[in-house]
Every structure is written in structure tokens, then in C-alpha cells.
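Enquirer: After the C-alpha cells below, expect a handful of questions from me.
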Amino acid sequence: MTGATGVPPSAPVLPSASGETGARPVRGTAFGHGKVILIGEHAVVYDQPALAAGLSLGVTAGATDGTGRLTIPAWGLSVRAGDGSSVGRAFGALLARLQVDDVDVSVEAALPSRSGLGSSAALAIAVARAIAQARGRDDEAARAAAAEAETVFHGTASGIDQAAAASGAIGRFRRSEGWREVPVLQAMPLCVGLTGRPRDTRAQVEAVRRLRERTPVVTTVIEALGALVAPAERALAVGDIDDLGRLLDVAHGLLAALRVSSPELDAMVHAARAAGAVGAKLTGAGGGGAVIALAPGHERDVLARWKSAGFEGFSTGIGGKLEWPL
Ligand code: PMV
């Protein structure tokens, strides 16, 4: 896990943004966790509670003295603060909020981008914390700067991605209440499958808003998603993976009712269940992006089934360190 500043104990030494390793000393380093939403995406926008889990996979940012350049080799990105690209605009907004213009940031990303695993929030929190550390700003200032960047990426985001990126644990988030970690009896393995189709959070959130406006009864579906959170919290607290799995299945059905599933997402969810998962659902904004599956003892079967259908996936642990190998 991470320390108070979000720096993992084994943070790598990063090359400077210009690529000249060691040319300029790294003045701040920080980590942002990827995340999966277990229950409540979309409903959380309407102040329903939601549950998210931080992943041990994430991004590491290193800040050096510089002139406002951000480099992310794993995503093939090199931008200037405020240039026309969305990452450049987000970086510019983040720097402006911190009132800093004399840093370069280099990022090592172990997460795929735009896949529904919170890569943009992980990036924003890692970059903001690295710069805050380099220039002596506190964590509150770093979080506010990360929120500015998220607004550029996603419009009015609920804040759940950012809270999970900063925490790394399993937590309950509600817009009006913020984030709190929830008790978890045991860490559990989770399969994550990637459709390979990038998802567009802003467009999906907008589509749900329009659906709700035209068809007011959709509010009931949104409330039903929120109502899954309390039983899911109970299942996590007592380690009832079967019950949690059933709740994931219900959540997927409700998200499909909001029209944010897709043929690929549905196919991956059904393939996971056929391979022994006790529950599976899309995670994140939907339309593309990722699915999650709880499949105790059947992780390899789920990954193999996805692979043979042409989808990549991996297994990871949520809720702490796993006590058994995957
Ligand atoms: O960006 P994603 O795919 O993790 O989706 C974010 C979750 C939503 O509820 C769809 C949007 C939000 O701001 O909470």
C-alpha cells in the first residue's frame, strides 16, 4: 500500500520528461491506484451510494524541474500544459490550480487507458501529488488540482474515481458524503476483462441523463442500484462471496436497463458466468471498457473463456493482500 503522500515504498526512479535519465533530479514521486466500481456507477451521479475498490495496478508520476511537459510513454503521450489535447488541457488546469509552471512530469502507467479502470483519475492524483510534493503543497491542494483535471476529462464527475485512486482500498462513496473505507473480512480475487473498445464516460453519463429525463421511471432503476450497496457492504464484511456475486449480477441487469451495456460487455459477463463465476457485471461508464467477475477457484477458467472469445483479461486482488495465490 502507499504512504501518506501516496508514494509506494518501492517507487521507481523515473527518467525526466525529456527522457534524459538522471539529468534532472526527481523532486516528487506519487502513485495513483486504478479502480473498479463494484456497485453503483451512474447511480452515484444522482447521489446514490456506490462501492469501489482500488487496484494495486496504477500509475506512478515523477516531477522534475522543467517547463510544463507531461510524458506517458506507455500510452504514447507527450503533451504540453494547455495544448489542444485533452490530456494537455487537463494538465494545464491541474498546474494552474497548484499555481506551478516550472515542472515536467514523467509517468509510468501499468493500467490501460480509457478502459473503465480509472486511469484518468489515477493519472490526475499521481501527477498532482508528485507536483505537490515537489513544490511543498499539501494533500488537500493536490486533491483539488486532481479534481480540476478530472473535470476536463469527464465533465462533472461524481468524484468516485478520484476517491478510489487516492485510497486504494474498498470504500463506499456518496457525492453528498464523500468516501469512507468499508470493513472487509477477507481480500478476494477478482477477474477483470477488457472489451478493447474505449469507453466515453462523458457521453455515457449524458445518455443516462437524457434517458432519465424522457423516461422518469428510470429513477426507480437508479434507486435500485443504490439499494444494492448496503447488502453488498454486509457481504464484504462477512466474506460472503456468493451473495456479493448475486448482487453484481443484479447490478449488471440494472445497468443494462440504463442502456449502458453493449454486446461485448454482455458476452463477457455471460462467458464469465458459464466459466464458473458467481457474479459478473460491467464496471465503469459502460458502452465499452471493462467487466469484473467474482469466480473463486475459477479465475483461470474465466480468463481462458474470455481469451478464446478474443478478449484480454487479468486477475487481481481487492480488499487487501490475498492469502492464497491466484
Ligand atoms: O470513468 P469510469 O468509466 O470509471 O466511470 C465513472 C463512473 C460514472 O458513475 C459513470 C461517472 C461518475 O462520474 O461517477
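Enquirer: Which of the residues belonging to region 65-87 are among the hydrophobic types (A, V, I, L, M, F, W, C) and either in contact with an Asp or Glu (Cβ under 9 Å, 6 or more places away or on another chain) or not in a strand (DSSP E or B) (or both)?
Expert: Those that are among the hydrophobic types (A, V, I, L, M, F, W, C) and either in contact with an Asp or Glu (Cβ under 9 Å, 6 or more places away or on another chain) or not in a strand (DSSP E or B) (or both): Leu70, Ile72, Ala74, Trp75, Ala81, Val87.
Enquirer: Hey, among the residues in region 37-51 that are surrounded by fewer than 24 Cβ atoms within 10 Å (Cβ to Cβ) and assigned to a helix (DSSP H, G or I), which one's nearest to the ligand (Cβ to nearest atom)?
Expert: Restricting to residues being surrounded by fewer than 24 Cβ atoms within 10 Å (Cβ to Cβ) and assigned to a helix (DSSP H, G or I), the top hit is Val45.
Enquirer: So, one more: State whether one or more residues within region 52-64 are modelled with pLDDT of 95 or more and either open to solvent by 60 Å² or more (accessible area, probe 1.4 Å) or part of a loop (DSSP other than H, G, I, E, B) (or both).
Expert: no
Enquirer: Restrict the check to region 147-156 and report whether at least one residue is outside any strand (DSSP E or B), among the small types (Gly, Ala, Ser) and surrounded by fewer than 24 Cβ atoms within 10 Å (Cβ to Cβ).
Expert: yes
Enquirer: Give the residues of region 249-268 that are within 16 Å of the ligand (Cβ to nearest atom) and within 15 Å of Ala293 (Cβ to Cβ), sorted by residue number.
Expert: Ala251, His252, Leu255, Ser261, Glu264, Leu265, Met268
Enquirer: Quick one: count up the residues across region 290-307 that are within 22 Å of Gly319 (Cβ to Cβ) and either among the basic types (Lys, Arg) or within 16 Å of the ligand (Cβ to nearest atom) (or both).
Expert: Looking only at that region, the number is 4.
Enquirer: Based on what the data block shows, is Arg143 within 15 Å of the ligand (Cβ to nearest atom), on the phi < 0 side of the Ramachandran plot, of a type in the set (Lys, Arg) and in contact with a helix residue (DSSP H, G or I) (Cβ under 8 Å, 6 or more places away or on another chain)?
Expert: Criteria not met by Arg143.
Enquirer: Any chance region 203-217 includes a residue that's more than 16 Å from the ligand (Cβ to nearest atom), open to solvent by 30 Å² or more (accessible area, probe 1.4 Å) and touching a Leu at 6+ places or on another chain (Cβ under 7 Å)?
Expert: Within region 203-217, none of the residues are more than 16 Å from the ligand (Cβ to nearest atom), open to solvent by 30 Å² or more (accessible area, probe 1.4 Å) and touching a Leu at 6+ places or on another chain (Cβ under 7 Å).
Enquirer: Then there's this: Give region 255-270 a look and list any residue that's of a type in the set (A, V, I, L, M, F, W, C) and in contact (Cβ under 8 Å) with a residue 60 or more places away in the chain, or say none.
Expert: Selection gives Leu255, Leu258, Val260, Leu265, Met268.
Enquirer: Taking the options Leu123, Leu94, name whichever one is more than 13 Å from the ligand (Cβ to nearest atom) and part of a helix (DSSP H, G or I).
Expert: Only one candidate qualifies: Leu94.
Enquirer: From Gly62, Gly66, Gly58, which residue is in contact (Cβ under 8 Å) with a residue 40 or more places away in the chain and either within 16 Å of the ligand (Cβ to nearest atom) or among the aromatic types (Phe, Trp, Tyr) (or both)?
Expert: Going through Gly62, Gly66, Gly58 in turn, just one is in contact (Cβ under 8 Å) with a residue 40 or more places away in the chain and either within 16 Å of the ligand (Cβ to nearest atom) or among the aromatic types (Phe, Trp, Tyr) (or both): Gly58.
Enquirer: Same structure again: Is region 157-177 home to any residue that is assigned to a helix (DSSP H, G or I) and over 29 Å from Gly239 (Cβ atoms)?
Expert: no
Enquirer: Restricting attention to region 192-224, which residues are of a type in the set (S, T, N, Q) and either outside any loop (DSSP other than H, G, I, E, B) or over 17 Å from Ser262 (Cβ atoms) (or both)?
Expert: Scanning region 192-224 gives Thr201, Gln204, Thr215, Thr219, Thr220.
Enquirer: Restricting to region 278-312, count the residues that are assigned to a loop (DSSP other than H, G, I, E, B), under 15 Å from Pro189 (Cα atoms) and open to solvent by 20 Å² or more (accessible area, probe 1.4 Å).
Expert: The total comes to 4.
Enquirer: Related question: For the structure I just gave you, tell me whether Asp83 is open to solvent by 20 Å² or more (accessible area, probe 1.4 Å) and either within 16 Å of the ligand (Cβ to nearest atom) or at pLDDT below 95 (or both).
Expert: no
Enquirer: Separate question: Specify the residue that is farthest from Leu123 (Cα to Cα); the eligible residues are those in region 166-200 that are crowded, with 19+ Cβ neighbours inside 10 Å and within 10 Å of the ligand (Cβ to nearest atom).
Expert: Phe173
The values are calculated or read from the model by the stated rules, or taken from the named source; none is laboratory data. It should be emphasised that the depicted structure is a prediction, and the values quoted were computed from it without experimental measurement. Note that each Cβ is placed from the backbone with ideal geometry, even for glycine, and that neighbours are counted across all protein chains shown. Please note that ligands, DNA and RNA were not included when accessible areas were found on the heavy atoms of the full protein model with its side chains. Shrake-Rupley method; radii C 1.70, N 1.55, O 1.52, S 1.80 Å.
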